[in-house]
Amino acid sequence: MPRHRPRRRVRFGELVDDAMLVARSAVRQQLKNLVIVRTLRDGADFELAWYADAARDEFASLADELEADAARITRTLTQITYKHGRAEHVADFQSHDARPLKRRRKVLLAQAARLRALAQDDAAVEGIIAEARTLALDDIAAAAAAVPGIAQPAPLSPSERRIALGDLVDDLLALQAERDATSD
């Protein structure tokens, strides 16, 4: 019979890091969807400043939700101080739930603070926009490749793909700079 190791308590920092991984993924997905919709439906040109504002708004919105959850937990903690017994449903917290609820509140507030800090970090915002843009281009290319009757090119190796995407980004930036220069 296999021996089970005792479960170790997950460190606070790990909890926040894991939550941030999910939050960053959610923001990246939202931005990817925006790139696709603005490009294909609206025919809008890529404007880094517009996407930076959208990313900052998304980070702030997530932080607001987390702070609201933390406030809800604070209210719950005041209600369960003298509540003992067995829970009748999943949200029926008892006094013995106070410790995990306090830890959860602490994680939520730390995550909210990190999201707000990320929103102010220009390099982080531009990085997540670049990731979202690449994912959007991949989705658009995959959708175009799925159109019947169009000859499919041979798949690129990972290094060839990175080079091709880099070249595409360079071309798009050059076109943007050219357009900006002619509009002045």
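Once Lys and Arg get +1 and Asp and Glu get -1 on their Cβ, which of Thr39, Leu66, Ala26 lies farthest toward the positive end of the dipole of region 12-147?
Farthest towards the positive end: Leu66.
Label region 12-147 by shape, choosing from rounded, prolate and oblate, from the square roots a ≥ b ≥ c of the eigenvalues of the Cα gyration tensor; if a/c is under 1.5 it is rounded, and otherwise prolate applies when a/b is larger than b/c, oblate when it is not. Provide the component values of the computation, followed by the final result.
Details: a/c = 3.24, a/b = 2.39, b/c = 1.36.
Note, shape of region 12-147 comes out prolate.
First measure r as the distance between the Cβ atoms of Val22 and Thr78, then evaluate 1/(1 + (r/R0)^6) with R0 = 35 Å and state the FRET efficiency to the nearest 0.05.
Details: r = 28 Å, r/R0 = 0.81.
Result of the calculation: an efficiency of 0.80.
Determine how large the accessible area of Asp170 is when every protein chain is in place; take a 1.4 Å probe and give Å² rounded to the nearest 10.
In the full protein context, Asp170 sits at about 90 Å².
The values are calculated or read from the model by the stated rules, or taken from the named source; none is laboratory data. Note that the coordinates shown come from a computational prediction; the quantities given were computed from them, not determined experimentally. Counting neighbours? That spans all protein chains shown, and the Cβs are built from the backbone with ideal geometry, glycine included. Side chains are part of the model used for accessible areas, which takes the heavy atoms of the whole protein and leaves out ligands, DNA and RNA. Shrake-Rupley method; radii C 1.70, N 1.55, O 1.52, S 1.80 Å.
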